[in-house]
Amino acid sequence: MNLNFKKKGSTVIDTIFIIVVLVALAIGFFFIKLIFNEVNTDLVNDQDLTVESREMLSSSNDNYTNWADASIGFLFFGLLLAVLITSFLIDSHPIFFVASIIMFIFIIFVAGNVGNLFYDTIEAEELTVLQADFPITMFIMDNLILLIVITFTLTLIILYGKSNGLGGGEIQ
């Protein structure tokens, strides 16, 4: 199996794609929870259902919230870990450091705007009550820029701090 990690051109697009997908999933999970709450309330109030069925519906509602929140956290931190691991496998030259800083500024700009979109969406009256149900998602969105800065800093250290014996810093 031949792994080729020399393609660096799509890094910015990949990072922006990850940010947009995660925010879209988070917004989608909020809307699903809103709909699930309304349907759950109607079904629990239905007198034709047994007590066990009502308990199962309530349990499913709680399980969905835990699952959705944990999946956003797992996906976000898993992707960040993947970025750090693949950064070690990419051969880079220090001359690209300035270009990396420019790309970083662009990524921060996009992440800030996408984060604002998230908050503009969940500030709707129906969705504000659901914020407490998603603590991991809210933590990630509250600290999105900081998490990106930390990840970027670690990525730069990994990319440009490798010794010559490990493949970094050589022109090929």
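Values quoted throughout were computed directly from the atomic coordinates according to the rules given, and no laboratory measurement underlies them. As the structure is a prediction and not an experimental result, all values here were calculated from the model. Don't worry about glycine lacking a Cβ; one is built from the backbone with ideal geometry, like all the others, and counts go over all protein chains shown.
If you count, for each residue, the other Cβ atoms within 10 Å and average over each peptide, how do 79-86, 27-34 line up from highest to lowest? It would help to have the intermediate numbers written out before the result.
Numbers: 79-86: 14.2, 27-34: 17.0.
The peptides rank, most packed first, as 27-34, 79-86.
Using mean Cβ contacts within 10 Å as the protection proxy, how do 37-43, 151-157 order, highest first? Can you show the working numbers first?
Numbers: 37-43: 13.4, 151-157: 16.0.
Result, highest mean first: 151-157, 37-43.
Compute the long axis of helix 51-89 from its Cα atoms, compare it with the longest principal axis of the Cα atoms of the chain, and write down the angle in degrees, 0 to 90, nearest 10.
Value to nearest ten degrees: 0.
Among Val149, Val51, Val21, rank each residue by its count of other Cβ atoms within 10 Å, from fewest to most, as a rough exposure measure.
Working: Val149 15, Val51 7, Val21 12.
Going from sparsest to densest Cβ surroundings: Val51, Val21, Val149.
Roughly what percent of Cα-Cα pairs across segment 64-119 reach past 15 Å? Intermediate results must be reported in sequence, preceding the final value.
Details: 1085 of 1540 pairs.
When every Cα pair of segment 64-119 is considered, 70 percent fall beyond 15 Å.
Quick check: residue separation of Leu84 and Leu117 times 0.36 nm, minus the Cα distance between them. What number comes out in nm? Display every interim value, and only then the final one.
Working: separation 33, 0.36 × 33 = 11.88 nm, distance 2.68 nm.
Working it through step by step, the gained length comes to 9.2 nm.
For the chain, what is the charge dipole size about the Cα centre, in debye to the nearest 20, if Lys and Arg each add +1 at the Cβ and Asp and Glu each add -1 at the Cβ? Please list the in-between numbers first.
Values: 6 positive and 17 negative charges, 282 e Å.
The calculation lands at about 1360 debye.
Under the √(5λ) rule applied to the eigenvalues of the Cα gyration tensor, what semi-axes describe the equivalent ellipsoid of the chain? Give them in Å, descending.
Values: eigenvalues 366, 59, 24 Å².
Rounded to whole Å, the semi-axes are 43, 17, 11.
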